[in-house]
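The values are calculated or read from the model by the stated rules, or taken from the named source; none is laboratory data. Just so you know, these numbers come straight off a predicted model, no measurement behind them. For neighbour counting, all protein chains shown are included, and Cβ atoms are generated from backbone atoms with ideal geometry for every residue, glycine included. For the accessible areas, the whole protein counts, side chains as well, though only heavy atoms, and no ligand, DNA or RNA atoms are used. Shrake-Rupley method; radii C 1.70, N 1.55, O 1.52, S 1.80 Å.
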Amino acid sequence: MKLNERSLAFYATCDSPADNSGFLYKRGERHTAYHRRWFVLKGNMLFYFEERDSREPVGVIVLEGCNVELCDSAEAFAFAIRFGGSKSRTYVLAAESQAAMESWVKSLSRASFDYMRLVVRELEKQLQEMRSGLPGECGGSREPPGLWKLEQSQERLPALPAILPKENGCAVWDNVPRAARPPDASGCGGNDEEGNPRPPPLPPRRRVSNGEVASTRAIVEGPSTFCRLHEQYSQEVARLRQDWQQRQRGPRP
């Protein structure tokens, strides 16, 4: 495997977050003495430096095709990174505490792409089982958990009338039951033969100068024309509504 030294050195010392970092004791390849090194794990690459503030790593271990396991050694809290093959090297490392050793073994075991591939397959399998339903259920499907709660909440809602009351031709939402409604003192309310509330009378139509009823359709030539018509009709509706309210209240004493 060919690796670019400058790219590796930049990746090892850049500000990208590390999966794990800390001091470990590394046993030499020729000499069995242990040397204290600063290790940084990023992805599937384990970098080690002479000191924590070193600008370039001393070496890198690519964690592919290897197993991380505990081993017997003169140093306490030792573990090994073993690669497949007769001529492959085995890296023996030792942590400073039991907790640090467990953390490193767990991080190194999950660093390879083979492990990530297994995780993805397991998640895909679980997703497929969730879509098809749990085994042992009829039809292999189940209703979503929120459906039953939704049906219960709908059953507790009050029944709506078949025909909603209207005002000036527009339906009005009213949550007050008919038995709890106050009596209508306006003189124009009440119920019809079917028991539905009687709407108030409609305002008279606007008449033009020649006596004919003006058409409700207006040709809008532009935004200014629409605004002007909207203002005129709103003023006229407000005036008609005020006159109707005064007639309902009756003459003042």
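The figures follow:
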quantity	calculated
Sites matching trypsin sites (Lys or Arg not before Pro) across region 38-122 that sit in DSSP coil, with at most 12 neighbouring C-beta atoms within 10 Å	Arg52, Arg55, Lys87, Arg89
Simple spin-label estimate for Arg30 and Gln232 in nanometres, 7 Å along Cα-Cβ	10.4 nm
Extension gain (nm, one decimal) between Glu51 and Phe10, 0.36 nm per residue minus Cα-Cα	13.1 nm
Solvent exposure of region 5-114 as accessible area per residue, Å², 1.4 Å probe	62 Å²
Cα gyration tensor, region 5-114 - rounded (a/c under 1.5), prolate or oblate	rounded
Accessible area of region 5-114 belonging to carbon and sulfur atoms, whole % at 1.4 Å probe	44 percent
Normalised contact order of region 5-114, rounded percent, pairs of Cα under 8 Å and 6 or more residues apart	22 percent
Residue-span extension gain [Arg121 to Gln98] - 0.36 nm each, minus C-alpha spacing	5.1 nm
